[in-house]
Amino acid sequence: MIDLGLSGKRVVVSGAGYIPERAGHGRLTSLRFAEAGATVACIDIDEGRAQGTVDAIAEAGGKAFPIVADMTDSAQVERALDEAVAQLGGIDVCVDIIGRTVWEEAHKTTDQDWDYIIANNLTHVFYLFRSAGGRMIEQGTGGALAALASVDGIGASAFHLHYGAAKAGVISLVRTFADEYGHWGIRVNAVAPGNVGGGNEDQPEGEYDVNGINPLAAPRARDIANAVLFLCSDLAARVTGQTLAVDGGVTVHSPWGFTRDHLKGLPQ
């Protein structure tokens, strides 16, 4: 059996609650850490959502507890991590899942929408990494930080440009924090999901290249959680400053739209 090095670890997941009709990255990620033997502090702005994830972990035989906080407020971030440390005794892993978007043409995007999306996709990552990283430095035992970025931060982000700008900012934050925090044995990485939508868990196994978008297949919510788990585990002990695209191949897809039919009639 492969040891992920997460048994007994103290993990904080920000945005751990499940919102119906969404992919459930926070809950699935929290469950995966608990399955690996970690105790998870499940932070969410909604008490019911936080408790729901804790209940799911307990039902599966894991250990977790809820914390309620608005992570776009730096004072509440500090308070939430104080609560986490009080119960965990420290922090070994800290993951940020929170993300929101609205859709609009660039020239119709309002100041209010811009500020809201930047706050809910970028600013809170800075608050969390700053606070959790500082605590890890004080502990002197290293650690791992991770956040969800997006392929929209790698390529274009048509009709939600603020979201793409924020996620590109997350990718930059990850690189910079990794550069600064490596001195203390703290690794910092991101996962960039592709078109996960509501989770894609209903996709049949063994069917590939079926939608003209993903050369392999659209990623599922579980694939995102597994990627976060990997980056925070001992399997990635020398991986830092990286953004792992889990997108079924979208970002490597040829832009020209060539298919196997185009081969017919071409010189061989």
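The values are calculated or read from the model by the stated rules, or taken from the named source; none is laboratory data. On a predicted model such as this, the values are computed, not experimentally measured, just so you know. When we count neighbours, we look across all protein chains shown, and the Cβ atoms used for this are built from the backbone with ideal geometry, even at glycine.
Part of a helix (DSSP H, G or I) and of a type in the set (Val, Ile, Thr) - does that describe any residue in segment 232-246? If you could, list the steps in order and put the result at the bottom.
Of all residues in segment 232-246, those part of a helix (DSSP H, G or I) come to 232, 234-236.
Subsequent filtering for residues that are of a type in the set (Val, Ile, Thr) retains none.
For segment 232-246, residues part of a helix (DSSP H, G or I) and of a type in the set (Val, Ile, Thr): absent.
Could you pull out the residue among Gly26, Gly8, Gly52 that is in a helix (DSSP H, G or I) and surrounded by fewer than 24 Cβ atoms within 10 Å (Cβ to Cβ)? Give the derivation first.
Values: Gly26 fails: surrounded by fewer than 24 Cβ atoms within 10 Å (Cβ to Cβ); Gly8 fails: in a helix (DSSP H, G or I).
Checking each option against the conditions leaves just Gly52.
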Considering every residue within segment 87-102, establish whether at least one is modelled with pLDDT under 95, of a type in the set (D, E, K, R), out of contact with any His (no Cβ under 6 Å at 6 or more places or on another chain) and farther than 24 Å from Gly133 by Cβ. no
In the set Val77, Val40, Val13, which member is touching a Leu at 6+ places or on another chain (Cβ under 7 Å), surrounded by 15 or more Cβ atoms within 10 Å (Cβ to Cβ), touching a residue at least 12 places away in the same chain (Cβ under 8 Å) and not in a loop (DSSP other than H, G, I, E, B)? Val77
Please identify the pairs in which a residue from segment 114-131 that is over 13 Å from Val95 (Cα atoms) has its Cβ atom under 6 Å from the Cβ atom of a residue that is basic (Lys, Arg), counting only partners at least 6 apart or on another chain. Asn120/Arg100
Could you tell me whether segment 17-35 includes any residue that is β-branched (Val, Ile, Thr), under 29 Å from Arg238 (Cβ atoms) and within 18 Å of the chain's Cα centre (by Cα)? yes
Looking at (1) surrounded by 20 or more Cβ atoms within 10 Å (Cβ to Cβ); (2) free of Cβ contacts under 8 Å to residues at least 24 places away in the same chain; (3) not polar (S, T, N, Q), which is the one condition that is false for Gly206? (1)
Segment 53-83 - residue that is in contact with a Cys (Cβ under 7 Å, 6 or more places away or on another chain) and of a type outside the set (A, V, I, L, M, F, W, C) and, of those, farthest from Leu31 (Cα to Cα): Pro66
Flag for Thr123 being out of contact with any Phe, Trp or Tyr (no Cβ under 8 Å at 6 or more places or on another chain) and either assigned to a loop (DSSP other than H, G, I, E, B) or among the hydrophobic types (A, V, I, L, M, F, W, C) (or both): no
Output the residues belonging to segment 80-113 that are free of Cβ contacts under 8 Å to residues at least 60 places away in the same chain and of a type in the set (Ser, Thr, Tyr). Thr109, Thr110
